[in-house]
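Enquirer: Below is one structure. I have some questions about it.
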Number of protein chains: 2
Amino acid sequence: MHILLTNDDGFFAPGLQALYRELLEEPGYVVSIVAPESQRSASGHAITLFDPLFVVEHPVEGNGKGFAVRGTPSDCVKLAIQAELVPKPDWVISGINLGPNLGTDVFYSGTVSAAMEGVLAGVPAIAASLASFEYIDFDPSAKWLAEFLKQEGRSHQDGLLNINFPGQPRETWQGVRVVRLGTAVYNDVFESRIDPHGRRYFWQGGTLSVERKTDTDLAAIAQGSVSITPMHSDLTDYPKLKEWGLKSLV
Amino acid sequence: MHILLTNDDGFFAPGLQALYRELLEEPGYVVSIVAPESQRSASGHAITLFDPLFVVEHPVEGNGKGFAVRGTPSDCVKLAIQAELVPKPDWVISGINLGPNLGTDVFYSGTVSAAMEGVLAGVPAIAASLASFEYIDFDPSAKWLAEFLKQEGRSHQDGLLNINFPGQPRETWQGVRVVRLGTAVYNDVFESRIDPHGRRYFWQGGTLSVERKTDTDLAAIAQGSVSITPMHSDLTDYPKLKEWGLKSLV
């Protein structure tokens, strides 16, 4: 089994490296890494059309290959598969990201977009995130993922699983919940400032509102569970398509 | 009615300006522009968290406001609405883009992502694109959109409409089709080169394969029709959610 690892935190990010080490332990796995050379968080599904994509090979252990790309997470997966930097993978795994990728925030997520790029290329994918910026221990999540892949990998043949891990010690995790994407609402998103030259600028940030619904990934993480959300790649709104299709538009 | 115009080709791009001029003609419309200061094609749903967002006001005609942002298309819509650069719009319209935004390519599209950002903020949105790089006349598409908004705008209260116009003279358009998103498949996506310093790099591009299915936006444009696809903002795969929900995972 050939696994392609990528992320949006960069080739040498601890979350990716922890997962890499864990997967290497499995007999029969070949693990390659094609990841951005530097931090590319919040890059969404951006791709690089109008700049050259530099690629540097980094030797990795085992029989896999390693490449750092001066591009976005989606560039990495496209390059890996379509430019055949590595043999066609059986899985694309993106992460483990430092910080959550939940609800509507998946649109902004380089981690999730890289996994989606796998799906668009016909390869099943997992986006994995540690939903914390404070409790930073990737090893329990990496072990959980390796075990999950062994047990459930065979039955999952297409599409994307978005998995978030609670930012707390393994022994306090409140089980696993399979849930829909929630709506991530932020307050005080922009802070307005004036630079020393009198120019106005904004910093983007904000604080996440508490999720009121209980059947979402945001709620699952808030209660300390691992959240799994199956995602698809078709943004067509079929009920509306049907409605509109009944009108005559010329 | 307050319309927020944006795009990914930049504040002064001809496609946006053509639509702006057309909408200004409608009595009772207030039109504001918040758009990137330069070309941001293929930027997907990227947002800018780790750089300052500079904003420069450009006077526009009528009662609207104009701001050029050193950021992505999604940054522009977020700033416009959440930093209240302009009054809350009744519509977000993104475009008219130079070049198609069809099928799975919507994931990469700054144009479509900016419109989606409107939807995430609770504002109905249209992404509009002229599906050609050769036949470049935005005026017929701009006129069509202004007319469409007058006739259909009131019945469309939420969600995103992705509209592409055929790159050919208005009198040869083959009507309007309401269709699902197709699958955009490219051949020869990457060209590998060596720079004068011996470093390997790639250019991303490729040629679009012919769409074989007939009920898609790609097919509609290929036959010379205007394509309209209603899009939603929930990437949860509900059938799979149900399947997975039946398993016990701990």
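Enquirer: Tell me, which residue of region B:220-250 that is within 7 Å of chain A (Cβ to nearest Cβ) and among the charged types (D, E, K, R) is surrounded by the most Cβ atoms within 10 Å (Cβ to Cβ)?
Expert: Top of the filtered list is B:D237.
Enquirer: Looking at region A:207-219, can you tell me whether even one residue there is of a type in the set (S, T, N, Q), within 30 Å of A:H2 (Cα to Cα), within 11 Å of another protein chain (Cβ to nearest Cβ) and part of a strand (DSSP E or B)?
Expert: No; the residues of region A:207-219 include none that is of a type in the set (S, T, N, Q), within 30 Å of A:H2 (Cα to Cα), within 11 Å of another protein chain (Cβ to nearest Cβ) and part of a strand (DSSP E or B).
Enquirer: Against the definition (closer than 28 Å to A:F133 by Cβ and hydrophobic (A, V, I, L, M, F, W, C)), how does A:L53 come out, yes or no?
Expert: In short, no.
Enquirer: Could you list, ordered by first residue, the pairs with Cβ atoms under 7 Å in which the first is in region A:211-239 and touching a residue at least 12 places away in the same chain (Cβ under 8 Å) and the second is acidic (D, E) and surrounded by 15 or more Cβ atoms within 10 Å (Cβ to Cβ), at least 6 apart or interchain?
Expert: These pairs meet every condition: A:L218/A:E211; A:A219/A:E211; A:A222/A:E211; A:S227/A:D217; A:T229/A:D217; A:P230/B:D237; A:M231/B:D237; A:H232/B:D237.
Enquirer: Right, another one. Which residues, counting only those in region B:161-206, are in a strand (DSSP E or B) and among the small types (G, A, S)? Step through it out loud before you land on a result.
Expert: From region B:161-206, those in a strand (DSSP E or B) are B:161-166, B:176-178, B:180, B:186-187, B:190-194, B:200-204; that's our starting set.
Across region B:161-206, the qualifying residue is only B:S192.
Enquirer: Of (1) in contact with a helix residue (DSSP H, G or I) (Cβ under 8 Å, 6 or more places away or on another chain); (2) within 10 Å of chain A (Cβ to nearest Cβ), B:V119 satisfies all except one. Which?
Expert: Unmet condition: (1).
Enquirer: Quick test for you: out of A:P87, A:P14, A:P27, pick the one residue that is touching a residue at least 12 places away in the same chain (Cβ under 8 Å), closer than 21 Å to A:D139 by Cα and surrounded by fewer than 24 Cβ atoms within 10 Å (Cβ to Cβ).
Expert: The conditions single out A:P14.
Enquirer: In region A:132-162, what count of residues is obtained for those that are under 12 Å from the mean Cα position of the chain (by Cα) and either among the charged types (D, E, K, R) or buried (at least 24 other Cβ atoms within 10 Å of the Cβ) (or both)?
Expert: Of the residues in that region, 2 qualify.
Enquirer: Okay, next question. Of the residues in region A:25-47, how many are more than 14 Å from every other protein chain (Cβ to nearest Cβ) and in contact with a Leu (Cβ under 9 Å, 6 or more places away or on another chain)?
Expert: Within region A:25-47, the subset more than 14 Å from every other protein chain (Cβ to nearest Cβ) is A:25-33, A:35.
So of that shortlist, the ones also in contact with a Leu (Cβ under 9 Å, 6 or more places away or on another chain) come out as A:26, A:29, A:31-33, A:35.
So the answer is 6.
Enquirer: Residues of region A:180-209 being closer than 23 Å to A:A127 by Cα and of a type in the set (A, V, I, L, M), which ones?
Expert: A:L181, A:A184, A:V185, A:L208
Enquirer: Can you find, within region B:48-68, the residue that is surrounded by the most Cβ atoms within 10 Å (Cβ to Cβ) among those that are in contact with a helix residue (DSSP H, G or I) (Cβ under 7 Å, 6 or more places away or on another chain) and either more than 9 Å from chain A (Cβ to nearest Cβ) or more than 21 Å from B:T111 (Cα to Cα) (or both)?
Expert: Within region B:48-68, the match that is surrounded by the most Cβ atoms within 10 Å (Cβ to Cβ) is B:G62.
Here, each number is a calculation from the coordinates, and none is a lab measurement. Here the structure is a predicted model, which is why all the values come from computation and not from measurement. Cβ atoms come from the backbone with ideal geometry, glycine included; neighbour counts cover every protein chain shown.
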